[in-house]
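A.B. asks: Let me give you the structure first, and then I'll get to my questions.
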Amino acid sequence: AQQIHTLLYHLTTKQPPPFAVLFWSNLQKIEFDYSAQSIAGLSRFFAALSQHNCQLADVLAKKGGQALVLTVAAYIADYLATATGQTIEWYDYTAMCEEVARQNARHHTYLQLPASFENSLTARIGQKVYCQPLKLLPSLLNGEEVLSPFIAEMTQTIHQQTQVNLLQAPD
């Protein structure tokens, strides 16, 4: 969580981090102020990368590539939390596996989280919604316009999970 907060701090304040972030100068052209314009700016950023045929493996292999990927993923989830007024809690793969095990015990289910890039960072937004923004990156790098629909769907899901039905039992 501290690493995520550090990345977000540098991104939103536009202060250069003490470590390399791939395409940092390009990110500085986007105003990361938790507005719809920031999401549109990210979409344009990824559209430009896709025109240069940047694939996820290429980005991750370059110096600062992992920091770029984590920064963008963290901003997307943090944007959702901010836009919906919910808290956010970060999980790495190990912590998320432990959370899944707790959920399995509580609900008598047997789900497993595969070890994959997409599952290496998860955000719990509010009390019930889990968001894995790393899953978006391959599609974004392929030039697919998936960011705005993802934001809209996740926002709706978060709002639905936080609504209180007054006709149900008060638990």
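A.B. asks: State which residue is farthest from Leu11 (Cα to Cα) when the search covers only region 48-74 and only residues that are under 13 Å from the mean Cα position of the chain (by Cα) and of a type in the set (Val, Ile, Thr).
C.D. replies: Looking at residues that are under 13 Å from the mean Cα position of the chain (by Cα) and of a type in the set (Val, Ile, Thr), I get Val69.
A.B. asks: Moving on to the next point. I need the full set of residues from region 48-60 which are in a helix (DSSP H, G or I) and open to solvent by 90 Å² or more (accessible area, probe 1.4 Å), in order please.
C.D. replies: Gln51
A.B. asks: Determine which member of the set Val21, Val72, Val100 is buried (at least 17 other Cβ atoms within 10 Å of the Cβ), closer than 19 Å to Glu144 by Cβ, touching a residue at least 12 places away in the same chain (Cβ under 8 Å) and not polar (S, T, N, Q).
C.D. replies: Details: Val21 fails: closer than 19 Å to Glu144 by Cβ; Val100 fails: closer than 19 Å to Glu144 by Cβ.
After applying the criteria, what remains is Val72.
A.B. asks: For Ile39, are the conditions met, namely being in a loop (DSSP other than H, G, I, E, B) and open to solvent by less than 60 Å² (accessible area, probe 1.4 Å)? Don't jump to the end; show me each part of the working.
C.D. replies: Working: in a loop (DSSP other than H, G, I, E, B): no; open to solvent by less than 60 Å² (accessible area, probe 1.4 Å): yes.
Answer is no for this residue.
A.B. asks: Related question: State the number of residues belonging to region 103-122 that are in a loop (DSSP other than H, G, I, E, B) and closer than 23 Å to Pro149 by Cα. Write out each step before concluding.
C.D. replies: Taking region 103-122 first, the residues in a loop (DSSP other than H, G, I, E, B) are 108-117.
Those still in the list that are closer than 23 Å to Pro149 by Cα too: 117.
Looking only at that region, the number is 1.
A.B. asks: Shifting gears a bit: I'd like the residue in region 1-18 that is open to solvent by less than 60 Å² (accessible area, probe 1.4 Å) and of a type in the set (A, V, I, L, M, F, W, C) and, out of all such residues, is farthest from Thr122 (Cα to Cα).
C.D. replies: Looking at residues that are open to solvent by less than 60 Å² (accessible area, probe 1.4 Å) and of a type in the set (A, V, I, L, M, F, W, C), I get Leu11.
A.B. asks: Right, here's the next one. Scan region 75-87 residue by residue and report those that are open to solvent by less than 40 Å² (accessible area, probe 1.4 Å) and under 13 Å from the mean Cα position of the chain (by Cα). Spell out the reasoning first.
C.D. replies: Of all residues in region 75-87, those open to solvent by less than 40 Å² (accessible area, probe 1.4 Å) come to 75-81, 84.
Residues satisfying the conditions are Tyr75, Ile76, Ala77, Asp78, Tyr79, Leu80, Ala81.
The values are calculated or read from the model by the stated rules, or taken from the named source; none is laboratory data. These numbers were taken from a predicted model, which means no experiment stands behind them. Counting neighbours? That spans all protein chains shown, and the Cβs are built from the backbone with ideal geometry, glycine included. With ligands, DNA and RNA removed, areas are computed over all heavy atoms of the protein, side chains included. Shrake-Rupley method; radii C 1.70, N 1.55, O 1.52, S 1.80 Å.
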